[in-house]
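Derivation of every value follows stated rules applied to the coordinates shown; laboratory data play no part. This is a predicted model, so every value here is computed, not measured. Here Cβ is always computed from backbone atoms with ideal geometry, including for glycine, and neighbour counts include all displayed protein chains.
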Amino acid sequence: MVTINLTLNNFSELPALLNVFDRFGNDYEYTTRGIFRRKIPPVCSICSAPMVHNGYNPHTKQGLGEINIGRYKCLNCGSTYEEDHSFWEDMKTLLFDSFNYFFQILRYHNVSYDGISDIMDVIYPRSRNTILRAFYKEMEKETVPSSENIRIVHYDEQHPKEGRCQKYRLTLLDAKTQRTIADELFEDKNPETIKEFLRKNLDASEPVFIVTDFDKRYPDILKEIFGDKLVHQYCLMHLNKLIVSDFPKNTTIEHELLKYRLLNIFYNRENEIKFLEELLSEELNVINNKEKHQEWSKKAKKEFYQYRNELKLERRRKKENLPLNSLEKAKYNFNELMENIRTYDEKVQKRLWMINKHWLNLTLFYYLPGAPATNNPIESYYSKSLKTDNKKQFRTDKGIENQIKLTQMRRLNLLKKPQKSFLELFRLFTPFKF
Ligand SMILES: [Zn+2]
């Protein structure tokens, strides 16, 4: 066991020091001046002559402490050697790994980087950027088994009338096979009815990716059944319908343009936007003459609807769906709208805040290759014409990707809990405080 030369100052630290140095034999010493070294210097690695003690190098970690690592010198050839200090590095790693775990837990609970930095101020101050870099680096290292067998399903309801009786049709469709899992009629659509229907037809112990519309009851119902296993995607087509309904049928070119810019968040409507922007610049020529303006408006809208129809027919000929934007593009388009949010009508403002609030649930499909963004298959199933979605490939967004990864890690118990508490870890450093 290492020899520890105590002074009155470090007398009480003996147990902590013994703990730190417990891997070293009694050929080592910790001197009263706080130098860690071999009692008898080693032989020179170059000329094999015995070396002598030759002072020390201080190793400091801001806010934690300092240790002096002994140096040796060969009197024969003059070469120097510093004692191994990996135990000191290991102590730091232990503490910083434990910080990384702490950051992950806080990020899992959606604490912002600024928030974590504020919390760290009372533990061991770390800047927002230091935390962000440490978190990203750590997440890069983490691997989640990709074989997680996730079931991808569509859920929707129809409310048909059977004679005078109002009925409720609940439907589950498998996204991969496009086959119905279940399709049943009920007398009501209480949360309990829906829960029972889902429990009966899906394995709640397996992860599930489920697409639904924006019905406010769904998040709670699904969370209760699937808990952490749930990946809940909101249908983008339903979102588009809501956006269209925010604008009056008989609308101005300006409003039409704004509508298409909202639709352009997730789907590529650049063509329509370009067309409308050109029309809008023409409008300036007639805007001062009321009669001319009205006439122009009518004509302009007719031109636009024709153009829009041509695009639609062309897609149909080519058997193409409306192309989805990449996640980066979607985020960019959305942010651009948010920057001017104050200038829009209240309805549009509300819609944008709603998209903002549900952003994660609107974009989850980007992270699961082949996952659907809409409930179109179930809509077509209801209208009895089955068609399949194109497979989409997307680039990924690190922020949300990490968030999803954390959820998976938590679910799979992969978040590595440290063996020691912060208090215990900090105590390791107390003998070295300066
Ligand atoms: Zn030598």
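Key figures
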quantity	calculated
For the range 133-290: rounded, prolate or oblate by the Cα gyration tensor [a/c cutoff 1.5]	oblate
Additional length obtainable on full extension of the chain from Glu89 to Asp228, 0.36 nm per residue less Cα span	46.3 nm
Virtual spin-label span in nm between Asn201 and Asp220, 7 Å along Cα→Cβ	2.3 nm
Computed over the range 150-227: relative contact order in percent, which uses C-alpha pairs under 8 Å that are six or more apart	31 percent
Principal axis box of the range 3-84, alpha-carbon based, largest edge first, Å	41, 28, 21
Percent RCO, i.e. relative contact order, over the range 3-84, from Cα pairs under 8 Å lying at least 6 residues apart	23 percent
Residues with amide H under 5 Å from that of Ile4, placed H, sequence gap 5 or more	Tyr30
Mean residue ellipticity (222 nm) of the chain, computed from DSSP H runs ≥ 4 via -39,500 (n - 2.57), nearest 500	-14000 deg cm²/dmol
Proximal charge balance of Lys249 [Cβ under 13 Å; K/R count +1, D/E count -1]	0
Relative contact order (%) - criterion: Cα under 8 Å, at least six apart; region: the chain	16 percent
For the range 124-139, 3J(HN,Hα) per residue [Karplus equation, 6.51 cos²θ - 1.76 cosθ + 1.60, θ = phi - 60°, Hz, x = Gly/Pro]	7, x, 9, 6, 3, 5, 4, 5, 4, 5, 4, 5, 4, 4, 5, 5
Gyration tensor verdict on the chain (Cα atoms; rounded if a/c is under 1.5, prolate if a/b is larger than b/c, oblate otherwise)	prolate
